[in-house]
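Let me begin by presenting the structure, written as structure tokens, before commenting on it.
What follows draws every value from the coordinates through simple rules; no lab data is involved. Predicted model, so just to flag it, every value in this text is computed and none were measured. Methodologically, a virtual Cβ is constructed for each residue, glycine included, from the backbone with ideal geometry; neighbour enumeration extends over all protein chains shown.
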Amino acid sequence: MIELSARVKAMTSSPTLKLVQIKKQLQAQGKIILDFGAGEPDFPTPENIKEAGIAAIRGNFTKYTPTSGIAELKKVIRATYLAEQEYEAGDAQIVVSPGSKYGLFILLQAVIDPGDEVIVPLPYWVSYPEMVKFCGGTVVFADHLGGERPFELTAGSYVSRYTPRTKAVIVNSPSNPTGKVMNGGELAELIRFFHQRNVMVVVDDCYRKILYGGGKYPPPLNLEPGANEHVAVVCSLSKTYAMTGWRLGYTIAPEALASAMTKIQEHSTSNPCSISQKAAVEALAGDQGTVRDMVEEYRRRRDYFAGRVDAIGHIPYALPDGAFYFFADFSHHIRRKGFRDDGQLAMDILEKLNIILVPGSAFGAPGHLRISYATSMQDIREGLDKLEAYLKS
């Protein structure tokens with residue numbers, strides 16, 4: 001039998017993607033599953049974006065493209081980012097990749113050496129620690145679980161974890177799994193501190209257009225003049241435009257880092273999908289009305305969730321500022337039902353109610369569950385009716 005590498009053997013599978021497999025297996029058995037686990041919009045990709053992809057196919061735009069993305073898409077990214085974030089990026093700073101997840105992966109590969117420390121938020125998106133460990137780095141957690149305002153994203157939580165071995169920090173705002181947003185003052189303080197210590201600040205803003213507060217998203221590349229040599233932003237089209245299957249994201253980074261990422265991409269994927277890039281041009285430059293409609297629907301679902309969770313009782317949570325997740329503390333109900341942990345509770349709910357929820361332990365927060373409201377109101381009502389009866393029984 002072939003001997004696998006130590007770094008692969010040390011890597012764990014993605015808990016959230018594993019749930020997708022479980023869902024498909026149960027559906028193949030004829031079961032009706034209510035999926036509150038998926039980090040995926042339930043909306044279809046908007047028609048104008050689909051038509052742009054179809055036009056690319058019919059126009060035979062199906063060959064290799066430049067490794068870091070086509071010029072047309074980079075132009076639109078620059079214009080979009082300038083309009084939204086008041087920062088003018090250069091083409092050489094932009095790396096378009098097969099999904100923002102891969103963009104983050106090659107960014108860390110380009111920056112992290114064995115023994116380097118990377119500070120990630122706690123609770124964390126499930127792939128952050130695995131990516132860091134795969135690079136040979138050491139994961140250090142910026143704890144946002146405790147305090148008077150749980151899940152609040154603060155600069156101090158990162159600053160307190162700094163050591164001379166810190167090479168990079170990852171900020172996820174709005175956060176998966178909590179939906180919390182780091183405000184501009186906190187983000188500026190964080191960037192200022194780590195810039196002075198030659199540490200890379202990586203902002204994963206995958207959900208930046210799914211916001212409920214009405215305010216402007218803090219522009220990471222425009223908060224601290226002179227600090228941009230130590231700031232990179234990883235951006236996604238998957239959540240905002242319901243394009244998860246198109247697999248396209250982009251990173252704006254210092255030129256030297258973008259060049260290194262491009263080199264890695266040259267020898268791994270060659271280039272992003274040509275068809276998806278044409279669709280992305282339309283997504284970013286076309287009508288944004290469908291995005292506003294989706295965000296408003298997410299807000300309606302969030303508010304409905306909050307009312308229902310309050311009615312169930314004994315489930316502390318922080319109201320999400322963005323994204324489409326409720327991250328709540330089910331410790332009371334775990335104890336009351338005699339379960340060992342959140343994993344047992346989630347599994348019992350799946351077996352008895354056919355409802356998929358993600359255990360908080362997958363995000364470094366035992367006792368919690370992540371509930372996605374990126375699903376229909378009909379399913380949300382039905383699922384919460386079942387969950388309320390189950391928890392109160």
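Listing for the model above:
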quantity	calculated
Length gained when the stretch Asp293-Arg381 is fully extended (0.36 nm per residue, less Cα-Cα span)	29.7 nm
Selected from Ser238, Ser331, Ser268 as most flexible by GNM, with the chain as the system and alpha-carbon contacts under 10 Å	Ser268
Longest segment of the chain lacking GluC sites (Glu not before Pro) that sit in a DSSP loop with at most 13 other Cβ atoms within 10 Å	149-393
Share antiparallel - DSSP beta bridges, the chain, percent rounded to 5	45 percent
Assigned charges on the beta-carbon of Lys, Arg, Asp, Glu; the chain dipole about Cα centre (debye)	820 debye
HN-Hα J in Hz across the stretch 319-329 - Karplus 6.51, -1.76, 1.60, θ = phi - 60°, x for Gly and Pro	4, x, 8, x, 6, 9, 10, 9, 10, 10, 8
Efficiency of FRET between Glu152 and Lys263 - r from beta-carbon atoms, R0 35 angstrom, step 0.05	0.35
Alpha carbon centroid spacing (whole Å) that separates the stretch 375-393 from the stretch 88-153	34 Å
Read-out Rg and Dmax of the Cα atoms in Å, derived from the coordinates shown; its label in (i) 22.5, 68; (ii) 20.9, 61; (iii) 21.8, 76	(ii)
Of all DSSP beta bridges in the stretch 64-285, antiparallel share, percent nearest 5	30 percent
All lysines inside 22 Å of Lys392 as judged from Cα atoms, apart from same-chain residues fewer than 8 positions distant	Lys337, Lys352
Loop-located trypsin sites (Lys or Arg not before Pro) in the stretch 163-210 whose Cβ has at most 15 other Cβ within 10 Å (DSSP)	Arg165, Arg197
Kyte-Doolittle at least 0.5, axis length at least 15 Å by Cα - qualifying DSSP helices, the chain	100-111, 274-285
Under-5 Å amide H pairs with Cys235, H placed in peptide plane, nonlocal only	Tyr250, Thr251, Ile252
Ellipticity estimate at 222 nm from DSSP helix runs (n ≥ 4, -39,500 (n - 2.57)) divided over the chain, nearest 500	-13000 deg cm²/dmol
Over the chain, relative contact order from alpha-carbon pairs under 8 Å, at least 6 apart, %	23 percent
Calculated from backbone phi, Karplus (6.51, -1.76, 1.60) coupling profile of the stretch 215-226 in Hz, x at Gly/Pro	x, 7, 5, x, x, x, 8, 10, 8, 10, x, x
Under 17 Å from Lys209, Cα to Cα: aspartates and glutamates that are on another chain or at least 8 residues apart	Glu40, Asp42, Glu84, Glu86, Glu282, Asp287, Asp293, Glu296, Glu297, Asp321
Amide proton proximity set for Tyr87, modelled H, under 5 Å, gap of 5+	Leu82
Close Lys-Lys pairs in the stretch 1-126, where close means Cα under 19 Å and separation is 8 or more or interchain	7
Distant-in-sequence amide H partners of Phe339 (H built 1.01 Å from N, under 5 Å)	none
Kirkwood hydrodynamic radius of the stretch 1-121, Cα pairs, Å	19.2 Å
